[in-house]
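Engineer: Sharing a structure here in structure tokens format.
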Amino acid sequence: GAGVSQSPSNKVTEKGKDVELRCDPISGHTALYWYRQRLGQGLEFLIYFQGNSAPDKSGLPSDRFSAERTGESVSTLTIQRTQQEDSAVYLCASRPGRGFTEAFFGQGTRLTVV
Amino acid sequence: AQSVTQLDSQVPVFEEAPVELRCNYSSSVSVYLFWYVQYPNQGLQLLLKYLSGSTLVKGINGFEAEFNKSQTSFHLRKPSVHISDTAEYFCAVSAIRGGGSNYKLTFGKGTLLTVNP
């Protein structure tokens, strides 16, 4: 499809395991965001990629969280040694390059740490 | 730094009643403003945006919002709601940077609008 695609849609993992979440942005979108949404909470900014610039990692909550993006395409968010407080919906969004427009969101990955 | 405050976490209303969802922001520079809607078990969808020009902006599904710079507000309104408007509504802000480069969106905590028959 033409929208932002995230996989898996649901992930249940045991505490202490590593998980990798994937985001395929809309083709041609240079900006990509990751947000975390805990139950009943707003969207918490995690990381922002813009083209070839250094990513803004200021929202990553701990060094267990990391993200990569290959060029202007796929991004992966990795959470190492998962904890129960990591349980949340992880949302990815993309936006075209220069010149402001809205961000388009994927359906999210629901992560449950048991 | 920028921040967004949505003053009401939950707003229950009856069908066909008017509704206002409040949003205030804080920023040291000029901003772009957005309202997103999230229906149950779905991703976020843009409702409307303010970039420049007229301070009254109209969005999808009959919603509108008014940018008030002096009050640093961007309240969302609808004159008559439907049961299908039941959803979570998020206000978001993005600082305007030089060179037209994009930057992060900062979201409020959301307002759950529940429309009852």
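The values are calculated or read from the model by the stated rules, or taken from the named source; none is laboratory data. Just so we're clear, the structure is a prediction, and the values are computed from it rather than from any experiment. Note that we place each Cβ from the backbone using ideal geometry, even for glycine, and neighbour counts take in every protein chain shown. Remember, those area values only see protein heavy atoms, side chains included, never the ligands or the DNA or RNA. Shrake-Rupley method; radii C 1.70, N 1.55, O 1.52, S 1.80 Å.
Engineer: For the range A:55-114, take every pair of Cα atoms, bin their distances at 10 Å starting from 0, and report each bin as a whole percent.
Structural biologist: 17, 49, 28, 6, 0
Engineer: Restricting to the protein assembly as shown, compute how many DSSP beta bridges are antiparallel as a %, nearest 5.
Structural biologist: Given both bridge residues lie in the protein assembly as shown, the antiparallel proportion sits at roughly 90 percent.
Engineer: At a 1.4 Å probe, what is the % contribution of carbon and sulfur to the accessible area of the protein assembly as shown?
Structural biologist: Working: 5270 of 11060 Å².
Answer for the protein assembly as shown: carbon and sulfur cover 48 percent of the accessible area.
Engineer: Here's a follow-up. Please compute the Cα-Cα pair-distance distribution of the protein assembly as shown with 10 Å bins starting at 0, giving whole percents from short to long.
Structural biologist: So the P(r) values, bin by bin, are 8, 32, 35, 20, 5, 0.
Engineer: Sum up the charges of everything whose Cβ sits under 15 Å from the Cβ of A:Q83, counting Lys and Arg as +1 and Asp and Glu as -1, but leave A:Q83 out. Numbers along the way, then the final one.
Structural biologist: Details: positive: A:K11, A:K15, A:K17, A:R36, A:R38, A:R64, A:R81; negative: A:E14, A:D18, A:D63, A:E85, A:D86.
Computed value for this residue: +2.
Engineer: Within 10 Å of each Cβ of A:55-62, how many other protein chain Cβ atoms are there on average? Don't skip to the answer; put the middle values down first.
Structural biologist: On the way: counts 0, 2, 0, 1, 2, 0, 0, 0.
Per-residue shielding by partner chains comes out at 1.
Engineer: List the chymotrypsin sites (Phe, Trp or Tyr not before Pro) in the range B:1-94 that DSSP assigns to loop (not H, G, I, E or B) and whose Cβ has at most 10 other Cβ atoms within 10 Å. Which are they? Write down the numbers at each step before the final one.
Structural biologist: Working: sites: B:F14, B:Y25, B:Y32, B:F34, B:W35, B:Y36, B:Y50, B:F63, B:F67, B:F74, B:Y89, B:F90; in loops: B:F63.
Passing sites in the range B:1-94 do not exist.
Engineer: Counting protein heavy atoms only and a 1.4 angstrom probe, how many square angstrom of accessible surface do chains B and A bury in total, to the nearest 100?
Structural biologist: Values: alone 6570 and 6390 Å², together 11060 Å².
Interface between B and A: roughly 1900 Å².
Engineer: Would you jot down the residues in the range A:2-42 that end up with at least 10 Å² less accessible area in the complete protein assembly than in the chain alone, with a 1.4 Å probe?
Structural biologist: Those are A:Y33, A:Y35, A:Q37, A:Q41, A:G42, which lose 10 Å² or more relative to the chain on its own.
Engineer: Roughly how compact is the range B:2-116, stated as its Cα Rg over 2.2 N^0.38 Å to two decimals? The partial results should precede the final answer.
Structural biologist: Numbers: Rg = 13.8 Å, N = 115, 2.2 N^0.38 = 13.4 Å.
In units of the 2.2 N^0.38 Å rule of thumb, it is 1.03.
Engineer: Which value results for Rg/Rh of the range A:5-113 when Rg is the Cα radius of gyration and Rh the Kirkwood radius based on the inverse mean 1/r? Let's see the in-between values first.
Structural biologist: Details: Rg = 13.2 Å, Rh = 13.9 Å.
Rg divided by Rh gives 0.95.
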